[in-house]
Amino acid sequence: MLGNCVEQVRKTVPLVHNITNYVTVNDVANVLLACGGSPIMSDEVKDVEDITSICGGLNINIGTLNERTIAGMFAAGRKANELGHVVLLDPVGAGASALRTKTAMELMKEIRFDVIRGNISEIKTLVQGSGSTKGVDADIADAVTEETLDGAVAFVKEFAKTSGSIIAVTGAIDLVSDGERCFVIRNGRPEMGRITGTGCQLSGMMTAFVTANPKQKLEAAAAAVCTMGLAGEIGFSRMQAGDGNATYRSRIIDAIYNMDGETLEKGARYEVR
Amino acid sequence: MLGNCVEQVRKTVPLVHNITNYVTVNDVANVLLACGGSPIMSDEVKDVEDITSICGGLNINIGTLNERTIAGMFAAGRKANELGHVVLLDPVGAGASALRTKTAMELMKEIRFDVIRGNISEIKTLVQGSGSTKGVDADIADAVTEETLDGAVAFVKEFAKTSGSIIAVTGAIDLVSDGERCFVIRNGRPEMGRITGTGCQLSGMMTAFVTANPKQKLEAAAAAVCTMGLAGEIGFSRMQAGDGNATYRSRIIDAIYNMDGETLEKGARYEVR
Amino acid sequence: MLGNCVEQVRKTVPLVHNITNYVTVNDVANVLLACGGSPIMSDEVKDVEDITSICGGLNINIGTLNERTIAGMFAAGRKANELGHVVLLDPVGAGASALRTKTAMELMKEIRFDVIRGNISEIKTLVQGSGSTKGVDADIADAVTEETLDGAVAFVKEFAKTSGSIIAVTGAIDLVSDGERCFVIRNGRPEMGRITGTGCQLSGMMTAFVTANPKQKLEAAAAAVCTMGLAGEIGFSRMQAGDGNATYRSRIIDAIYNMDGETLEKGARYEVR
């Protein structure tokens, strides 16, 4: 099932419009190409409607937001909604600043998101309307562990229901829910946290997966999470003495480039609750 | 002949001012360093005239244009023209949005470009004044193939004549013409399309090549195209099982770093029509 | 002693706010993660005060400054000063344009910097209030060599005294002084100059080192310089036939990722004058 989602991306080559931060944008583009999609970036308010119109999906990431690009996010989001395109929100740093929290909350009010993907601290901020995120990484106190799993699953399901979006919370254990079912995913490696932007990369890839699989969006979002985590495992297995996070970054993208349905089916580790 | 153009870049270390998109800017900088040039980036209207004045060439790429950087493009272009510097236009996404098409057309009206480099869909848009570019990649219907080659050569020659610029159309087969002669280049690999920004990288490098070879600009532009394509072939030959587009990206830049005149002379595959 | 500074970074995981150029920002983030710190980027004036408040250090790099981000630099700098956070200035291209020189000078007037790190041409510009920097690389005429070392040490000590900041001048020989003592450092390789952004990366890492070692800021700044240079040596020793600057870039970051106190103690080559 998840394997089929990957194959669909390669078959349909979804064009994804990204309004994303300038820190990790190059990796987002290369991951989109690696998984079989096609990226385009545009954040100018006078440009985004045309660009989003020729795309199938829109990925909004607030990682280095500014007044100008915020206007672009709203304009692109509205247009994508109007056209029935897939739209994803990555609320980077929500809870870490008032501007980020406010922007994410207002985007959620005005734009209908198919998926919202963030770490647990960011997602909690969206639920509470305020937060205390420590930078762009999740607060340890919030972490989803085997001990807190039941509560976390219920929390994510509930937020998916009230928001009407698929909610993807990524961390040591990843949760992806549409309000009814919740994928609990255990792929990945802790060393991925030492590479900048694996979350941003996942958001870009997830937009492509959901765009390519409009009839099974939940499975597609979960497949993207498994692909990223499994690529992290495969990439790590190819590391040699002296390698570090820079080489690891390339190895993960390489593993996504070589991912096929069969490899994903075999390697995906998840349960549905 | 083409080999000499590479050697000239290494001898003269041309300083190139880039107003380029934030997606591929790091790779553009590293490719400029790899080929023997020196990059500097500046897009603020109050900064660009000073910066372009100390450079030898100017590379304008509209890939993530916005109102502020568009103003910078015009200011830098005018200054570079005034000083007789080499100026190149990379009309990324012309045809994909009205803003991109309009900006590219207006830049062509106001600035004298030594070279315009793009894919066939972008270049057709510049000729027609409108287009239907599919994102930042060329439309398949437009592709230059052995079957459509004669017409494409005539088209590129004609546009070079009317525009007064060297026109470089890159794709499976690359065409570089000054209106009289047309280099038809068959270096490169299709897998290069799975890396973001090989076109942007080429534009940066081409600016350095033309700047370093002011008396044979056409040959220099063609040499840059051959260098990129040959580096793509050399880089691919070094790929190992499990490698993908991230590693390939580095291998190509590495191959440019190691390119010398002799290697290029031996590896360049082109005819002049 | 220097080894201890590295270990402190890994123990305390300093969160560093970076207002930096979009050319090298991804590498800055990955280097910060490699050395044990945690990066966050924000340049919007309405966002920077909140972000800098949750961080321990602030790294201001003017490499692709614009009117909007300049306002962010001042706002963040003032806030960081108010909170007693470590603040570093990297005056990229000071001397190459009036805007860069003016911005760097005004930042120095308004903000109290713990460290200023640049190449010799940039630092000379800050002393003189004007300059003739050739792009973003140091002018050869300014270079710190064994012949000019005595004068350069005196110059750097003097500027550290008058500015009240630790001054780090990096090049073939690196100098780091607080006005009393001057570390003269001979780690590194000339090939590092063929990678874009090793200076920017060092500035990010240095901010983390100084933030993690508040009681020995001079040693921490010197340790960061030695770490970068030694990583350049280790990375170079792992290069293979056909490798170039792209692979070298990754190898250096990898070497930082694997750097520990013992390796640094053994590999650091410096004297204190």
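Points worth noting:
- Of the residues making up segment B:54-66, just one is touching an Asp or Glu at 6+ places or on another chain (Cβ under 9 Å) and surrounded by fewer than 23 Cβ atoms within 10 Å (Cβ to Cβ), namely B:ASN66.
- B:GLY229 within 13 Å of chain A (Cβ to nearest Cβ), assigned to a helix (DSSP H, G or I) and more than 17 Å from C:GLN240 (Cβ to Cβ): no
- Qualifying residue in segment C:236-247 (condition: crowded, with 18+ Cβ neighbours inside 10 Å, more than 12 Å from chain A (Cβ to nearest Cβ) and closer than 18 Å to C:ASP90 by Cα): no
- Filtering segment C:34-53 to residues that are in contact with a strand residue (DSSP E or B) (Cβ under 9 Å, 6 or more places away or on another chain), part of a helix (DSSP H, G or I) and buried (at least 24 other Cβ atoms within 10 Å of the Cβ) leaves C:ASP47, C:VAL48, C:ILE51, C:THR52.
- Residue within segment A:172-186 that is β-branched (Val, Ile, Thr), crowded, with 22+ Cβ neighbours inside 10 Å and under 27 Å from C:LEU15 (Cα atoms) present: no
- Of all residues in segment B:203-216, those being part of a loop (DSSP other than H, G, I, E, B) and either free of Cβ contacts under 8 Å to residues at least 60 places away in the same chain or not polar (S, T, N, Q) (or both) number 2.
- Per the conditions (1) in contact with a strand residue (DSSP E or B) (Cβ under 6 Å, 6 or more places away or on another chain); (2) of a type in the set (A, V, I, L, M, F, W, C); (3) within 7 Å of chain B (Cβ to nearest Cβ); (4) buried (at least 24 other Cβ atoms within 10 Å of the Cβ), the sole criterion not satisfied by A:VAL25 is (1).
- If only residues of segment C:3-22 that are facing chain A (nearest Cβ under 9 Å) and more than 15 Å from the chain's Cα centre (by Cα) are counted, the one that is surrounded by the fewest Cβ atoms within 10 Å (Cβ to Cβ) is C:LEU15.
- Filter pass, A:ALA96 being crowded, with 22+ Cβ neighbours inside 10 Å and closer than 17 Å to B:ALA96 by Cβ: no
- Criterion violated by C:GLY197 - all others in (1) within 14 Å of chain A (Cβ to nearest Cβ); (2) small (Gly, Ala, Ser); (3) touching a helix residue (DSSP H, G or I) at 6+ places or on another chain (Cβ under 6 Å); (4) over 25 Å from C:VAL86 (Cα atoms) satisfied: (4)
- Filtered by the rule that a residue be away from chain A (no Cβ under 14 Å), among the basic types (Lys, Arg) and touching a residue at least 24 places away in the same chain (Cβ under 8 Å), segment B:248-273 gives B:ARG269, B:ARG273.
- Of the residues making up segment B:28-80, those that are within 8 Å of chain C (Cβ to nearest Cβ) and among the hydroxyl-bearing types (Ser, Thr, Tyr) are B:SER38, B:SER42.
- Out of C:GLU219, C:GLU265, one residue alone is surrounded by fewer than 24 Cβ atoms within 10 Å (Cβ to Cβ), at pLDDT 95 or above and either within 15 Å of the chain's Cα centre (by Cα) or assigned to a loop (DSSP other than H, G, I, E, B) (or both). It is C:GLU219.
- Checklist (1) crowded, with 23+ Cβ neighbours inside 10 Å; (2) touching a helix residue (DSSP H, G or I) at 6+ places or on another chain (Cβ under 6 Å); (3) on the phi < 0 side of the Ramachandran plot; (4) modelled with pLDDT of 95 or more applied to B:ALA71, failing item: (1)
- Breaking point among (1) closer than 20 Å to B:GLU67 by Cα; (2) part of a helix (DSSP H, G or I); (3) not acidic (Asp, Glu), for A:VAL6: (1)
The values are calculated or read from the model by the stated rules, or taken from the named source; none is laboratory data. Since we're looking at a predicted model, the values are computed, not measured. As a convention, Cβ positions derive from the backbone with ideal geometry for all residues, glycine included, and neighbour counts pool all protein chains shown.
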